[in-house]
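Asker: The following block contains the structure, expressed as structure tokens.
The values are calculated or read from the model by the stated rules, or taken from the named source; none is laboratory data. None of these values were measured; they are calculated from a predicted model. Note: ideal-geometry Cβ built from the backbone for every residue, glycine included; neighbour counts use all protein chains shown.
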Amino acid sequence: MAWPQQSGGSRRRRPEPPAEVESSEEMETPARTYEFAREIALRLLTTRARSAKELRDALAAKGVPDKITDEVLERFGDVGLVNDASFAQAWVESGQRRLRSRRGIAQELGRKGIDKETAGEALAAVDDEAELAAARELAGKRLRSMASQPREVARRRLAGVLARRGFSAGVVTCVVSETTGATEWASDNEFD
């Protein structure tokens, strides 16, 4: 397997993969494979926190054996670099800043390999008021760009934006009514 090398500059070099050899005397040592896996995982953790599943998938994609992957993840868990509970908490906080609903964040956590119990504990911090506030803020941001649209078109589009972010039908209805009812529309008479 050929690995692309990064050219000069101040960038870190990608970890060298274990050499592919044919004779048993030259076979890769587990220590070198472990170091290769460790470097990949550390590089991934440098950009952002990752769940154990994300790291496991990345290492599998690089051809790291499951036994070595388990060792690396266990060691990283021991020193606190991989902790699905703290990852879930941080993801929930990030999701709130990105104006996502509880349901949307829960789906993201599921895709990241976080079990439902851990996700539920992290999502417990998001109450109904916080979710409604996020929906209102998102609606306010999107509504500015819809001021030239007829009211019904804006209502429909705004409802779609909120629904795609995972907000419940009740929250969508409430927020769309609040925001479009309080706004003056230049083109109200267009469809009358």
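Asker: Kindly indicate whether Ala52 is within 23 Å of Arg32 (Cα to Cα) and crowded, with 19+ Cβ neighbours inside 10 Å.
Answerer: Criteria met by Ala52.
Asker: Let me ask you something else. Arg102 fails exactly one of the following numbered conditions: (1) surrounded by 14 or more Cβ atoms within 10 Å (Cβ to Cβ); (2) charged (D, E, K, R); (3) free of Cβ contacts under 8 Å to residues at least 60 places away in the same chain. What is the number of that condition?
Answerer: (3) is the only condition that Arg102 fails.
Asker: Read through the list (1) among the basic types (Lys, Arg); (2) touching a Gly at 6+ places or on another chain (Cβ under 7 Å); (3) farther than 28 Å from Asp84 by Cα, then give the number of the only condition that Arg165 fails.
Answerer: (3)
Asker: Can you tell which of Gln107, Gln149 is of a type outside the set (A, V, I, L, M, F, W, C) and assigned to a helix (DSSP H, G or I)? Steps first, please.
Answerer: Details: Gln149 fails: assigned to a helix (DSSP H, G or I).
The conditions single out Gln107.
Asker: Considering only segment 39-61, state which residues are in contact with a Phe, Trp or Tyr (Cβ under 8 Å, 6 or more places away or on another chain) and either assigned by TED's automatic domain parsing to the domain that holds Lys116 or over 30 Å from Arg103 (Cβ atoms) (or both).
Answerer: Selection gives Ala41 alone.
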